[in-house]
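Take a look at the structure set out below.
Only the coordinates and a few stated rules stand behind these numbers; no lab work does. Since this is a predicted model, take the numbers as computed values, not measurements. Don't worry about glycine lacking a Cβ; one is built from the backbone with ideal geometry, like all the others, and counts go over all protein chains shown.
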Amino acid sequence: MTHVLQKVVFPLERDPDLLPLYADPETWSIIDEEHVRMSNVAHLGNVLDRHRARIVPGRRVSFGTYFNAFPASYWQHWTAVREIRLTVRMSGPATILVYRSNGGSTPQRLETQEVTGDSASTFDIPLTQYSDGGWVWFDIVADDESAVFEGAEWTTEQEPARTGKASIGITTFNKPDYCVQTLTSLSEAPDVLDVLDRIFVVDQGTQRVDAEADFPRVSDALGETLQIITQPNLGGSGGFARAMSETLQRPESDFVQLLDDDVVIEPESIRRSVVFGQFTTHPTLVGGHMFDLLDRPKLHAWAEVVDDKPFMWRNLFQEKMPHYFGETNLRQTPILHMRMDADYNGWWMCLIPTQVLREVGLALPAFIKWDDAEFCVRAGKAGYPTVSMPGVALWHVSWLGKDDAIDWQAYFHGRNRLVAALLHSRQKRGGTLIRHSRRIDIKHLMMMQYYPVELRRRALRDVLRGPHHMWGNLATAMPEARAVAKEFPETTVHKDTDVILRSRKGRQVYGRLKRNVFDSPTGFMLRWFTAITLVSHWFHQPRPENIEQPEVEFGKGDANWWRLPLHDSALVSAADGSGKNVYVRDRAFFRRALIDTIVLHAQLQWRWPRLSRQYRKAFDDLTAPEAWARVFDKADT
């Protein structure tokens with residue numbers, strides 16, 4: 001039996017920014033009224049539909065792109081497939097050239113075929129030389145006449161290791177428009193629906209998905225495949241745990257595909273992730289990459305790992321991300337040809353086998369943040385790896401445009417990282433985590449960011465209370481954190497122009513600093529700067545005029561921890577550019593919080609071994625399907 005592993009596709013939207021991910025923009029052409037010329041931008045008029053494109057005379061189009069090259073190294077490493085077949089259908093005279101790369105990105109020609117008229121060319125390609133990395137792709141060169149690319153697939157005769165379908169779990173909170181858009185994309189992709197059993201939309205908001213104007217149409221199209229579940233807001237972890245729990249009741253489902261709500265999907269990626277999961281030799285979590293929804297060719301998350309010593313997440317090659325495909329294509333970027341092994345994948349898109357759920361449990365009741373990383377680390381310890389799969393991706397608003405480290409989410413950033421480390425860290429007393437956590441508090445205090453410090457103090461106290469607190473405040477921690485914001489004027493985003501301009505009147509205001517200026521202290525000067533800043537903030541009251549009006553203004557990118565502490569107050573742009581925040585020194589809070597954070601971190605370090613044993617002993621109670629079922633039963637009543 002022939003199994004389609006991957007189809008060549010073009011973007012659903014007629015967006016020239018997306019084409020570099022599907023067809024190489026350096027070899028595409030633009031047609032104007034007088035002549036044909038080469039350009040770095042693809043011509044949308046040459047894309048005929050989802051699977052077909054025109055190749056103009058004498059020009060070359062490469063499919064060595066993110067979505068249309070075949071990630072051979074991942075298929076060789078994680079599956080038993082050892083031979084694939086590429087089938088390319090054409091109309092008109094053309095030359096088809098098939099290439100491969102290795103882990104070092106060196107291209108090698110595999111085969112060439114000249115075709116005329118209507119044709120279907122096949123290329124049998126062994127998967128035996130890609131252990132370190134490499135892709136396979138093809139280019140098409142038109143002759144003196146136009147040719148039409150009619151479609152292509154990568155297939156195998158190898159039988160999959162498992163044949164069950166996947167259920168999709170979408171957790172949403174007041175993003176009904178995004179959800180309906182995702183459901184519409186799925187309803188219009190019959191080949192994707194072929195590998196799906198159910199689509200669970202876990203609606204935890206007040207703006208209901210089923211109240212959207214377009215919902216009846218998409219609901220009719222999906223029929224019984226779609227199921228809407230409403231429950232109180234239990235966060236991402238509560239919503240995804242519900243989708244996991246529902247999927248476990250479906251014998252037809254071998255997987256649950258988790259999707260965030262505020263995303264734009266590539267439906268072919270959904271199909272690819274399920275097919276790859278079916279073929280892996282051992283049950284494997286299949287993660288999708290994240291492109292920036294506001295800058296579509298920009299890849300933000302590829303393969304992510306958790307460094308054990310500080311117990312902190314990062315991209316495997318942090319210094320290489322984000323990668324902008326609008327400037328550098330796949331073939332020109334050596335690092336993208338390596339096979340990268342991940343520790344975890346964000347739950348914006350992650351396929352999880354139900355076998356893994358039955359063995360290691362459901363999500364941690366973390367509400368938000370670290371639930372995805374903790375689960376993948378837990379699964380990895382049980383022998384179930386996570387693969388961050390190239391060619392499987394969606395678009396999501398990146399975290400660079402958010403202030404989630406200093407808004408209400410600061411509580412969950414702090415608490416859940418500590419809990420995950422207590423559960424999984426192999427380092428004595430958490431390695432450098434406690435020192436790093438204390439340093440974060442000190443930086444926030446020096447920057448006059450008192451709200452996140454208050455939330456992180458609460459997080460530390462809750463962690464010290466023991467694991468039972470996670471069920472106790474699952475539904476209340478977020479509203480309580482948001483309520484605390486009212487006590488801190490810095491949390492107000494000033495959007496009124498008169499307010500912002502009035503804060504500048506009569507004051508010296510500094511514009512944005514040059515981006516090539518990097519004046520951060522290091523080494524001995526770093527320690528000296530920290531010491532004298534803490535002493536200064538401890539003893540000196542801010543000047544009254546600086547409380548009345550901000551002393552300086554900084555752009556968000558320039559409001560660094562070594563610049564803000566030099567002033568009594570500052571006007572700082574919000575991360576999303578929607579307005580300004582005013583930071584003002586508060587000596588009394590600074591003193592209380594500094595002592596508190598030092599004491600709490602000392603207690604955590606002293607009690608770490610005992611706490612770690614408590615949290616690990618409570619693991620089953622925190623993640624068991626039966627424990628979550630009790631929460632859902634209570635939420636449904």
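Structure summary
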read-out	value
Convex hull of region 3-156 built on C-alpha atoms - directionally averaged projected area, nm²	9.0
Label assignment, Rg and Dmax of the Cα atoms in Å derived from the structure, set (1) 24.6, 73; (2) 33.1, 131; (3) 26.8, 84	(3)
Longest to shortest principal axis, alpha-carbon extents of region 410-588, angstrom	54, 41, 33
All lysines inside 26 Å of LYS309 as judged from Cα atoms, apart from same-chain residues fewer than 8 positions distant	LYS320, LYS369, LYS381, LYS428, LYS443, LYS617
Built amide H within the under 5 Å cut-off of VAL256, gap 5+	SER167, ILE352, THR354
Cβ-Cβ FRET estimate between TRP538 and ASP210, R0 fixed at 35 Å, reported to 0.05	0.05
Under-5 Å amide H pairs with THR79, H placed in peptide plane, nonlocal only	THR281
Taking region 3-156 and dividing mean pair separation by its residue count, relative contact order in percent (alpha carbons under 8 Å, at least six apart)	32
Estimated FRET transfer efficiency when R0 is 56 angstrom, pair ALA483-GLU145 (beta carbons, to 0.05)	0.20
Estimated dipole of region 310-454 in Debye, rounded to 20 [Cβ of Lys and Arg +1, of Asp and Glu -1, Cα centre]	580
Residues whose placed amide H lies under 5 Å from that of ASP132, excluding near-sequence neighbours	GLY103
Mean-position separation - Cα centroids, region 602-626 and region 360-405, in angstrom	21
Those lysines that a straight Cα-Cα span of less than 16 Å connects to LYS495, excepting residues fewer than 8 apart in one chain	LYS556, LYS580
Modelled FRET efficiency - R0 30 Å, ASP307 with ILE598, Cβ distances, 0.05 increments	0.75
Per-residue HN-Hα couplings for region 197-214 [Karplus 6.51, -1.76, 1.60; θ = phi - 60°; Hz; x = Gly/Pro]	9, 9, 10, 9, 9, 8, 9, 10, x, 9, 9, 6, 4, 6, 9, 5, 4, 8
Pairwise label distance in nanometres, THR2 with ARG85, each label 7 Å out on the Cα-Cβ vector	0.5
Pairwise label distance in nanometres, ASP132 with THR522, each label 7 Å out on the Cα-Cβ vector	3.1
Pairwise centroid distance, computed over Cα atoms, of region 427-450 with region 537-575, Å	21
Dipole magnitude of the chain, debye to nearest 20 (Cβ charges: Lys/Arg +1, Asp/Glu -1, about Cα centre)	3820
Listed residue (SER425, THR87, GLY288) projecting farthest to the positive dipole end of the chain, Cβ model	SER425
